[in-house]
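The structure appears below as structure tokens.
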Amino acid sequence: MPDPIVVSELSKSYVNGSRSTVALDSFSFRGNRNMILSLLGRNGSGKTTFAKIATTQLMPDSGDVYLNGTSVIDEPEEIRATISLVPQEGRPFGHLTPREHVYYYQRMIGETREKASTITEMIIEELDIESFQNTQCVNLSGGQKQTTMLAMALSKDAETYFLDEPTIGLDVITRKRVWEVIERIRRERKMVILTTHYLDEASVLSDEICIVSHGRLVSQGTLNDLRSRLGHDTRIRFSTRVDEKIVSSMGTLVDDEKGQILLTESGNVEEVLKTVGYMNGRIEIGPVGLDDVFVSMVGEDIDE
Amino acid sequence: MSDAWTRKLRAVHGLMMVNGFIPLHRRPLALVAILSTPFSFLFFIYIFGHAQALLAGCIGGLIFTVINSATMLQSDLLFFKIDLKFQQIAVSSGISPLNYVIGMASGNMLFMLPGLVFFMTMIVYLTPLTVIAGIMIVATVLVTWLMFSLISYLISTRIREMKDIWPVSVIFSILFAVIPPIYYSVESLPLPYRYVAYAVPTTFSALIIKNSVSLNLAGALIYFAIFAAEAAAVIIITYLFADWRTGRS
Ligand SMILES: Nc1ncnc2c1ncn2[C@@H]1O[C@H](COP(=O)(O)OP(=O)(O)OP(=O)(O)O)[C@@H](O)[C@H]1O
Ligand SMILES: [Mg+2]
């Protein structure tokens, strides 16, 4: 059995007049089983470009993507029958209702009236959007519109789902609903490629995470893999500034919006506390999270 | 019918509902817009040229309605591509570009249908039209519609910002419907300009229809042959240069 997804040396530059922007630069990764795989990276790191290439919309300059062994470059028709996409920044058509979106999308991809109706019914119930299913989308809120986009994409019975920032603007409860659907899809042994800037979402959902920077893969693994690659297991957050010279020998000090964070080993905690003092409780100690991994892997060029 | 064909028809029908029937039903104003220019022209022609000129106004109106619908298709296609990002979903869902254009354009056709029916009825009323000549006119309208829908699609795939379409659309409708000899006769143009006019497909649409209503079928057929060749050229150019899946954006 071929791997569900193999991304091989993908390169893509956008050329506009005399300007050329490198979006992907020998980007490669592999997903060896069906799972939820998240792509994390800063704005402009190339995630959407990758999704466009993998969903057969855009040709790369070189490289290829194989979904279950089929090349997206050479056999786009076969690929299109097996994928589904939530495009970044899409929105529903204001004249139509969410129900009509799902129903007519199903018709457009070739389903019979009966099957389209059944599928529409199911996804509306699963996403719990009955209350606004018959409201014209012009009259919906931002999150309700985004849920409509998701309902369309998730209604397709695909092998690989590409979700490019699918939960943007959703409230906590709706987001959890969407997570449940994504997890149901995983249980059905399908592949989900998820792009998100919500690191809590990536932590909860992802079986594996790919960190992308400047169009290249920086690291891939489970959350635990990435954590251990960081070389630290504990974060100590100081809500006021500490003297770098004193603590930097005990770990990596990074800036935080409200102070500083020292990434270190659990064994060092006592010594750190002794050195900086207890600071009247303005210290939080916990395990390193995905945000620490993210910032330390792609954050070096923050001030560029 | 084979399964593949049934699926294609469902795609076209779905798009026709989404871009035609439902919006027409819920926001009928576009219907008025599409009919407004050919009817205004008919009105002026009637005022200045009286009843004899009415036929010219109806033949011109028939073609103008088609061009108006193709112009509207440009903004519809761009709206679906840029604003909604629906074209991304269509491409990655395996809806073929041809089915996409036909579906979207058929949706649009609903808006031009009342105009077509009106002008066609007027032509039948004003001329001793035969069945064959009638079929000729309907075929011409259909080919014109297909040809200009394809040109609109080609344009839409090359434009990346909503606002960039309006100058293109204005020039498009002037170039293909206002200036060429669809309301007047091509012979009234001085020679060098006449050749320029022959380069515009709508000139032939008008010539075929004018020859059909005067029951000069041989003439109509010759023009139709040239017109069909032009349509074939448009199909090839669209196939080669439209940006459905490319390396650009
Ligand atoms: N159509 C385009 N023309 C020119 N450059 C582009 C185009 N689309 C993207 N880019 C550039 O390519 C790079 C990658 O963009 P991409 O949209 O893939 O990033 P992303 O990781 O999805 O970012 P975000 O998180 O903001 O969505 C960026 O530098 C961007 O400026
Ligand atoms: Mg993006």
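Of note:
- Segment A:162-175: number of residues that are surrounded by fewer than 21 Cβ atoms within 10 Å (Cβ to Cβ), more than 14 Å from chain B (Cβ to nearest Cβ) and within 16 Å of ligand 2 (Cβ to nearest atom): 1
- Within segment B:50-76, residues that are over 14 Å from B:S169 (Cα atoms) have Cβ atoms under 6 Å from residues that are outside any helix (DSSP H, G or I) and not aromatic (F, W, Y) in these pairs: B:G60/B:I182; B:I63/B:I182, counting only partners at least 6 apart in sequence or on another chain.
- Residues satisfying the stated conditions in segment B:128-179, i.e. hydroxyl-bearing (S, T, Y) and over 25 Å from B:L98 (Cβ atoms): B:T130
- Among the residues of segment A:23-65, the ones that are within 15 Å of ligand 1 (Cβ to nearest atom), of a type in the set (A, V, I, L, M, F, W, C) and over 12 Å from A:C210 (Cα atoms) come to 9 in all.
- Among the criteria (1) touching a Pro at 6+ places or on another chain (Cβ under 9 Å); (2) closer than 26 Å to A:D3 by Cβ; (3) within 14 Å of chain B (Cβ to nearest Cβ); (4) more than 16 Å from ligand 1 (Cβ to nearest atom), the one A:D157 does not fulfil is (1).
- Selection from segment A:38-88 of residues that are assigned to a helix (DSSP H, G or I), at the interface with chain B (Cβ under 9 Å from one of its Cβ atoms), of a type in the set (V, I, T) and under 30 Å from A:V293 (Cβ atoms): none
- Summed over segment A:1-37, the residues that are under 20 Å from A:S219 (Cα atoms) and either hydrophobic (A, V, I, L, M, F, W, C) or not in a strand (DSSP E or B) (or both) give a count of 17.
- Residues that are under 19 Å from B:L150 (Cβ atoms), among the polar types (S, T, N, Q) and not in a loop (DSSP other than H, G, I, E, B), drawn from segment B:80-108: B:Q87, B:N99, B:S106, B:N108
- Any hit, segment A:143-153, residues being within 16 Å of ligand 1 (Cβ to nearest atom), assigned by TED's automatic domain parsing to the domain that holds A:S45 and of a type in the set (K, R): no
- Residues in segment A:105-126 that are small (G, A, S) and assigned to a helix (DSSP H, G or I) were compared, and the one that is farthest from the other protein chains (Cβ to nearest Cβ) is A:S117.
- For A:N43, the requirement of being within 16 Å of ligand 2 (Cβ to nearest atom) and either among the small types (G, A, S) or surrounded by fewer than 17 Cβ atoms within 10 Å (Cβ to Cβ) (or both) is met.
- Helices (runs of 4 or more DSSP H) enclosed by segment A:204-297 - at least 2 residues per element that are within 30 Å of A:V178 (Cα to Cα) and not hydrophobic (A, V, I, L, M, F, W, C): A:223-230
- Lone qualifier among B:L77, B:L62, B:L35 - being within 23 Å of B:L146 (Cα to Cα), assigned to a helix (DSSP H, G or I) and within 14 Å of chain A (Cβ to nearest Cβ): B:L77
- Only listed residue being exposed (fewer than 15 other Cβ atoms within 10 Å of the Cβ), under 18 Å from B:F86 (Cα atoms), aliphatic (A, V, I, L, M) and within 14 Å of chain B (Cβ to nearest Cβ), chosen from A:V138, A:V102: A:V138
Residue-by-condition table, conditions (1) loosely packed, with under 15 Cβ neighbours inside 10 Å; (2) in the same structural domain as A:L67 (by TED's automatic domain parsing):
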| residue | (1), (2) |
| --- | --- |
| A:R177 | no, yes |
| A:M191 | no, yes |
| A:D200 | yes, yes |
| A:S213 | no, yes |
| A:I246 | yes, no |
| A:V254 | no, no |
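- In this structure, A:F27 does not qualify as more than 12 Å from chain B (Cβ to nearest Cβ), under 30 Å from B:R7 (Cα atoms) and within 16 Å of ligand 2 (Cβ to nearest atom).
- Residue match in segment A:178-185 (condition: farther than 22 Å from A:M108 by Cα, away from chain B (no Cβ under 14 Å), assigned to a strand (DSSP E or B) and touching a strand residue (DSSP E or B) at 6+ places or on another chain (Cβ under 8 Å)): no
- Any hit, segment B:221-242, residues being within 14 Å of chain A (Cβ to nearest Cβ), modelled with pLDDT under 95 and surrounded by 18 or more Cβ atoms within 10 Å (Cβ to Cβ): yes
The values are calculated or read from the model by the stated rules, or taken from the named source; none is laboratory data. All values derive from a computational prediction rather than experimental measurement. Here the Cβ is made from the backbone with ideal geometry for all residues, glycine too, and neighbour counts use every protein chain on show.
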